[in-house]
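Okay, structure first, notes after.
The values are calculated or read from the model by the stated rules, or taken from the named source; none is laboratory data. From a predicted model like this one, the values you see are computed outputs, not experimental measurements. Positions of Cβ are backbone-derived with ideal geometry, glycine not excepted, and every protein chain shown enters the neighbour counts. Just so you know, the surface numbers come from the protein's heavy atoms only, side chains and all, with ligands and any DNA or RNA stripped out. Shrake-Rupley method; radii C 1.70, N 1.55, O 1.52, S 1.80 Å.
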Amino acid sequence: LAETSSGTMPKKKQRRAANKQTKSQTKKRKKQLVKAGVSLKFGHESIKNNWNSKQTLRQNYKRLGLAFSVDEAIKSAKLKEEKVGVLTKELTEIQAAPKKEKYIPKSMPIDEQRRLIALMKKYGDNYKRMARDIKINVYQKTENELKHRINLFKHLQGLDEDNKS
């Protein structure tokens with residue numbers, strides 16, 4: 001650390017101020033990056049390809065068929081305006097794409113299985129009492145957490161009601 005002009009060590013506020021960038025320095029750095037050809041980051045490839053840097057943010061959003069603010073989106077939904085923009089077709093395709101299936105774990109730790117078996121032997125299907133048993137339920141799982149874990153355990157063991165037929 002550098003000493004101040006009076007020969008003493010700088011205070012915490014002075015040290016923090018020395019490392020801080022001002023707004024003008026930040027703007028200058030961004031301009032240098034743009035000149036160097038480093039592009040700004042966009043969320044989606046189609047937005048990046050259709051973005052016009054000569055237009056304002058609001059103009060770009062309107063041309064692409066996006067809402068600039070939540071208020072605008074609500075107003076257009078109430079008026080039921082069909083916005084025709086560059087991205088409208090791509091967005092409808094993305095929304096119509098099939099959703100990923102919910103992930104179901106394929107295993108469970110053995111010690112957790114032992115605890116669940118002990119709880120099921122002692123209390124059957126009474127999850128409320130299972131949740132209150134601090135000797136077996138050492139991780140203090142709630143009633144709903146226990147219900148979910150026991151259903152998963154039954155599914156993994158092939159004991160669930162769907163497979164009984």
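Can you pull out the helices (runs of 4 or more DSSP H) entirely within region 45-93 that have at least 2 residues that are modelled with pLDDT under 80 and among the basic types (Lys, Arg)? Before the answer, list the steps.
Details: elements: 45-50, 57-64, 70-79.
In region 45-93, 70-79 are the helices (runs of 4 or more DSSP H) which contain 2 or more residues that are modelled with pLDDT under 80 and among the basic types (Lys, Arg).
Under 30 Å from Lys89 (Cα atoms), assigned to a helix (DSSP H, G or I), open to solvent by 90 Å² or more (accessible area, probe 1.4 Å) and without any contact (Cβ under 8 Å) to a residue 40 or more places away in the chain - does that describe any residue in region 19-26?
no
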